[in-house]
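Report on one structure; see the data block that follows.
Read the figures in this text as sums done on the coordinates, not as results from a lab. Computed from a predicted model, the values in this text were never measured in an experiment. Quick reminder, even Gly has a Cβ in these numbers, built from the backbone with ideal geometry, and neighbours come from all protein chains shown.
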Amino acid sequence: MINPTKPFFLFANCEIKYSGRARSTLEKGNYVIIRKFDGTLMIHGSTLLKPLNFQPPGATITDNGKIISIRNKESIEIIIFSIIHYYEINDWSNNKIILQDTESDLREQVIKNISLYFKNVKEIHQEFKTRFGPIDLLVIQTDDTNNVIELKRGRAGISACTQVERYLKTFQNKVCGFIMSPTITKGALEYAKTHDITYVAVNFLR
């Protein structure tokens, strides 16, 4: 028997009817139905990442021979003909993803080790605003040279080069363009060399 107060995983032969902003019917078939701790209900078919239908957090479920999920004025009715597999979940984890090796991490790493790349640094600006968009990193040296740096957390492509070219138009003189990333495509490297853009390989430090 399905417990409507518990989160569960259900694989069943069923028909699904939705009522709310519109009406819809998902014809009889075998579907995966997942109910989470917060009331979220998802119905999945055999393909696609996105569920065929769902109820967001806060939905309540009743069970009187069929599953009815209700949230505000919307409801999903699941008419079950046969249960193929049913499992109540009691120990589902909800840990948060820890992001690593982001573009922000790479920028902080470059700033921390800026003396490895530039001498006589006077100013460092992050997300420096221009009419072409924000420059990831602008490093100004004591001789007033403006070093425009485009950072990429992965492989830099030609689009990174053309981006640097646009940013360079912001400055009248004493300006140099750089791309910093762990890797760069062969085409982008050739483009950079022929357009006076310097590529610097920067790997994430562990």
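Summary table below
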quantity: Separation in nanometres of the label points that stand 7 Å from Cα toward Cβ, at PHE37 and THR185; calculated: 4.3
quantity: Sequence-distant aspartates and glutamates (8 or more away, or on other chains) whose Cα lies within less than 14 Å of LYS129; calculated: GLU150
quantity: Semi-axis lengths, Å, region 28-101, gyration tensor of Cα atoms, sqrt of 5 times eigenvalues; calculated: 24, 16, 14
quantity: Subset of LYS73/LYS96; LYS119/LYS169; LYS96/LYS186 violating a 27 Å alpha-carbon distance limit; calculated: LYS73/LYS96; LYS96/LYS186
quantity: Partners for LYS66 among lysines (Cα-Cα distance below 28 Å; same-chain residues under 8 apart left out); calculated: LYS6, LYS17, LYS28, LYS36, LYS50
quantity: Proximal charge balance of ARG153 [Cβ under 13 Å; K/R count +1, D/E count -1]; calculated: -3
quantity: Summed side-chain charge close to ASN120 - residues other than ASN120 whose Cβ falls under 14 Å, Lys, Arg +1, Asp, Glu -1; calculated: 0
quantity: Additional length obtainable on full extension of the chain from GLN126 to SER46, 0.36 nm per residue less Cα span; calculated: 24.2 nm
quantity: Qualifying trypsin sites (Lys or Arg not before Pro) for region 42-128 [loop in DSSP, other Cβ within 10 Å: at most 13]; calculated: LYS73, LYS96, LYS119
